[in-house]
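Each value in this text was obtained by applying a stated rule to the coordinates, not by laboratory testing. A quick note: this is a predicted structure, and the numbers were derived from the prediction, not measured. So basically every Cβ, Gly included, is an ideal-geometry build from the backbone, and we count neighbours across all protein chains shown.
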Amino acid sequence: MEPSKEFCNFFKKYNSLDELIENLIFTSLIESYKRVRLIKDIDILDEPLIKDKFQYDLTWNNVLTKELIKKNFITFNWENQILTKDSEKKRTDLCFIINSLIVFVIECKKISGAITEQYIENGINRFTQKIYITDEKFAGMCSFVVKSSIIQIIPKIKKLLMKNNCSGIGDRKIDYWDAYFYSTHKKIDGSDLGIYHIFFDFNN
């Protein structure tokens, strides 16, 4: 089925996938975060429950996404199940889908206290090893930070990345959002991969 004229007119304002990721996907997450962070006891909820709060807000309250979802221009597929070649089931956290095609996959992490290797092992590596993605050139990491300082965490994660298959880190920003950066990697087939990292403070 061919996309409608309204659909095409909306998305043609994004000149690249890179621009769509930053100006629609991550900007939408930032807008939802402003409401989600005000939920009582949000900091003690488990990671899947925090993700559920984001999904609800993106669907019903977010001015950037709720109409697009209602028109079926975009969909959010949470915890998409993947069966690996070793018959192990893994689930991606958020698949951003446009016109029935997975455009962008985000892995969410709740970070409490010290940084662990889980950010790499259960996040970055599942992108570079083509477990969560195949031909996609971009992916995302979204961190829910509790009992920690984002200012201290980001340098530690950057240092961790540079020790694990990372060819470069850029300090690009989304408008006013500083807790954000971009890293470049190689997938197991040698192809390039860009990963966007965003951090949300849930220290209540």
### Task
Kindly flag which residue pairs out of Lys66/Lys137; Lys5/Lys187; Lys163/Lys186; Lys53/Lys163 have an alpha-carbon separation exceeding 24 Å in this structure.
Lys66/Lys137; Lys5/Lys187; Lys53/Lys163
### Distance (nanometres) between label positions extended 7 Å along Cα→Cβ at Tyr176 and Thr134
4.2 nm
### Task
Using the Karplus curve 6.51 cos²θ - 1.76 cosθ + 1.60 with θ = phi - 60°, work out ³J(HN,Hα) for each residue of segment 32-43 in order, rounded to whole Hz, and write x for Gly and Pro.
5, 4, 4, 8, 4, 5, 8, 5, 4, 6, 4, 5
#### Entry: Where the Cα pairs of segment 131-204 fall when distances are cut into 10 Å bins, in %
18, 49, 28, 6, 0
### Chain lengthening between Ile97 and Ile188 when straightened (0.36 nm per residue, less Cα-Cα)
30.3 nm
### Message
Using the Cα centre of segment 5-201 as the reference point, and only Cβ charges (+1 on K/R, -1 on D/E), how large is the resulting charge dipole? Debye, rounded to the nearest 20.
### Response
40 debye
### Task
Would you please classify the overall shape of segment 32-73 from the alpha carbon gyration tensor, given that a ≥ b ≥ c denote the square roots of the eigenvalues, rounded means a/c under 1.5, and beyond that prolate means a/b larger than b/c while oblate covers the rest?
prolate
### Query
Lys130: which aspartates and glutamates have alpha carbons under 12 Å from its alpha carbon, excluding same-chain residues fewer than 8 sequence positions away?
Asp189, Asp192
### Summary
Looks like segment 5-201, by Cα gyration tensor root eigenvalues a ≥ b ≥ c and the a/c under 1.5 rounded cutoff (else prolate when a/b is bigger than b/c, oblate otherwise), is rounded
### Query
By average Cβ neighbour count within 10 Å, what is the ranking of 184-194, 152-162 from highest down?
152-162, 184-194
### Query
Which of the aspartates and glutamates could a cross-linker span from Lys110 if the Cα-Cα distance has to be under 17 Å and same-chain partners fewer than 8 positions apart are dropped?
Asp41, Asp43, Asp46, Glu47, Asp52, Glu79, Asp93, Glu121, Asp201
